[in-house]
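Bear in mind that the values in this text are calculations on the coordinates, not laboratory data. Quick caveat: nothing in here was measured; it's all calculated off a predicted structure. FYI the Cβ positions are ideal-geometry reconstructions off the backbone, even for glycines, and counts take in every protein chain you see.
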Amino acid sequence: MTAYLEVCGVTHNFGGLQALNDCAFAISQGGITCLVGPNGAGKTTIFNVITGFLRPDTGRVGFRGRTLSGLAPQAIVHAGIARSFQNLRLFTDLTACDNVMLALPDRAGETPFGALFRPFATARSDRRRRADALERLDHVGLAARADERVRNLSYGEQKLLTIARLLATGAELLLLDEPASGLAAGALDQVMVLLRRLRGEGKTLLVVEHNTRVVQQIADEVLFLHQGHLLAQGPPARIIADPALAEIYFGGAL
Ligand SMILES: Nc1ncnc2c1ncn2[C@@H]1O[C@H](COP(=O)(O)OP(=O)(O)OP(=O)(O)O)[C@@H](O)[C@H]1O
Ligand SMILES: [Mg+2]
């Protein structure tokens, strides 16, 4: 059987630093997989490789049996994979709604030429895009904040907005880089509820997460990355309870 997402022998070097070293894993469709590992383990780098922001030096990424390596980020979104960034990357001077509208796929026929010569059709299309964006905002609980500029949103709301942007792409596999980091308990719970709801709606999620409580509560499967290499894969209870992995993760702090 072909794996849903497949990372095979991926290596990536930044100058002399080997960020990914024969990294290999596969995830199946549906469910939440948490990607864990100490700082600098290569979690964000593997996201960058999967989503076309970095080309692997060696190895291959496959999605639904198709090779992705070599495709541009936009083509990978088109293939069905969208990712969020550790540092959010929102347009802070624009509204929440505009940020989501910018992530919606372009519709055929939408061109500057069309805006000049078919103004009514363009206005209709703009209204439709706004309605689509509002739907995604509502999905993450931000409908009431649609017209607020991003810089006036709380950090928790900004995190939710990054998820609304992912939903706007229509992708079926969502890669989230630390969606819960820096959040207070209430906002953290809100994100966890949302991620579980997305799983229930048929999305597949690969989530980088440092908080073991979050991992325990949302993960169906855990991947443990260390020095750019997959060290272990299994159910959260087993990975979290493994003393050798805890030693690597916390460097003996426990
Ligand atoms: N653009 C870059 N240029 C040089 N080195 C980089 C670059 N990006 C990442 N690295 C290095 O590659 C290694 C893996 O980094 P990466 O960001 O993938 O780690 P991470 O597991 O996401 O860590 P964290 O939990 O801190 O986010 C680290 O040693 C990092 O310093
Ligand atoms: Mg990272």
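Taking a ≥ b ≥ c as the square roots of the eigenvalues of the Cα gyration tensor, region 131-216 is classed as oblate, since a/c reaches at least 1.5 and a/b does not exceed b/c.
What does the C-alpha gyration tensor say about the overall shape of the chain? Classify as rounded when a/c is under 1.5, otherwise prolate if a/b is larger than b/c, or oblate. Because a/c hits 1.5 or more and a/b exceeds b/c, the chain counts as prolate.
DSSP bridge analysis restricted to the chain gives an antiparallel fraction near 55%, rounded to the nearest 5. In region 95-161, if the dipole is taken from +1 on Lys/Arg beta carbons and -1 on Asp/Glu beta carbons about the Cα centre, which of Cys97, Phe120, Ala146 is farthest to the positive end? Toward the positive end, the furthest listed residue is Phe120.
Could you work out the relative contact order of the chain? I mean the mean sequence separation of Cα pairs under 8 Å and 6+ apart, divided by the number of residues, in percent. With pairs under 8 Å counted, the relative contact order is 27 percent.
Legend: helices of the chain (whole DSSP H runs) are marked when their alpha-carbon atoms reach 27 angstrom or more along the helix axis and their mean Kyte-Doolittle hydropathy is at least -1.0; nothing is marked. Classification of region 95-161 by its C-alpha gyration tensor yields a prolate form. The axis ratio a/c (a ≥ b ≥ c) is 1.5 or more, and a/b outweighs b/c.
Report summary: the helix-based calculation at 222 nm, which adds -39500 (n - 2.57) for every DSSP H run with n ≥ 4 and divides by the residues of the chain, gives -11500 deg cm²/dmol.
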